[in-house]
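Please read the structure below before turning to the comments.
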């Protein structure tokens, strides 16, 4: 059973001037799997993040949806907050209601309806998410260049000059590609070989 918390941000007046954030939060509270919902003036602030952490612990949340601004800006913020509260950081989703609702609509009813839809979609997604782990794997400092034509040979030379081992693979018995079929090359009329 998923236990999802929904947090809707006012973003000062960036969102709340166009989206009825209280309504978004109230509607979210009626959805299956949502056991906690609230709105806050600035979710990304320290007190806003503490609100998320506290709710995760108090309501035993195993999914978090934050309806706020772009995930590019604050997804790491809320993932870190979720992780520090003991919840897997990949069970946190962002619904971008600032750029996709508040900033593109003038009609408050339309913007609010769209914000509800985006939040609902994020809740549906987070209920399907699986916990992930971050792992590091060593990188082999070698390159494989496929094709021994002019471009492949130049790429192999450039990579080798950068200090990496290179393996050049060519299907024909000789390298050079179509260039070796030419007698002379423009503009100097030099031998193509």
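The values are calculated or read from the model by the stated rules, or taken from the named source; none is laboratory data. All values reported here derive from a predicted model rather than from experimental measurement. Glycine gets a Cβ as well: all are built from the backbone with ideal geometry, and neighbour counts include every protein chain shown.
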Taking the conditions exactly as written (more than 30 Å from residue 88 (Cβ to Cβ), loosely packed, with under 10 Cβ neighbours inside 10 Å and not assigned by TED's automatic domain parsing to the domain that holds residue 105), does residue 158 satisfy them or not? no
Among the numbered criteria (1) surrounded by 13 or more Cβ atoms within 10 Å (Cβ to Cβ); (2) outside any loop (DSSP other than H, G, I, E, B), which one does residue 148 miss? (2)
Selected residue [farther than 20 Å from residue 73 by Cβ and touching a helix residue (DSSP H, G or I) at 6+ places or on another chain (Cβ under 7 Å)] from 35, 4, 52: 4
If the Cβ limit is 9 Å and pairs must be 6+ apart or interchain, which residue in the range 24-50 that is closer than 26 Å to residue 109 by Cβ pairs with which residue that is in a strand (DSSP E or B) and modelled with pLDDT under 95? none
Going through 82, 67, 25 one at a time, which residue ends up being modelled with pLDDT of 95 or more and over 17 Å from the mean Cα position of the chain (by Cα)? 25
Within the range 20-38, take every residue that is in contact with a strand residue (DSSP E or B) (Cβ under 7 Å, 6 or more places away or on another chain) and assigned to a loop (DSSP other than H, G, I, E, B) and give me the one that is farthest from residue 112 (Cα to Cα). 33
Quick one: would you say residue 125 is assigned to a loop (DSSP other than H, G, I, E, B), under 30 Å from residue 20 (Cα atoms) and out of contact with any helix residue (DSSP H, G or I) (no Cβ under 9 Å at 6 or more places or on another chain)? no
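The rows are residues; the columns are (1) touching a residue at least 60 places away in the same chain (Cβ under 8 Å); (2) under 26 Å from residue 32 (Cβ atoms); (3) more than 21 Å from the chain's Cα centre (by Cα).
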| position | (1), (2), (3) |
| --- | --- |
| 97 | yes, yes, no |
| 118 | no, yes, no |
| 124 | no, yes, no |
| 136 | no, no, no |
| 148 | no, no, yes |
Report yes if residue 114 is in a loop (DSSP other than H, G, I, E, B) and in the same structural domain as residue 61 (by TED's automatic domain parsing), otherwise no. no
Out of all the residues in the range 158-166, is one or more in contact with a helix residue (DSSP H, G or I) (Cβ under 8 Å, 6 or more places away or on another chain) and free of Cβ contacts under 8 Å to residues at least 40 places away in the same chain? yes
Given the condition under 17 Å from the mean Cα position of the chain (by Cα) and buried (at least 18 other Cβ atoms within 10 Å of the Cβ), answer yes or no: does some residue in the range 99-109 qualify? no
Please verify whether the range 84-92 includes one or more residues that are in a strand (DSSP E or B) and either out of contact with any helix residue (DSSP H, G or I) (no Cβ under 8 Å at 6 or more places or on another chain) or assigned by TED's automatic domain parsing to the domain that holds residue 64 (or both). yes
Counting only residues that are surrounded by fewer than 23 Cβ atoms within 10 Å (Cβ to Cβ) and part of a strand (DSSP E or B), the range 39-68 contains a total of 2
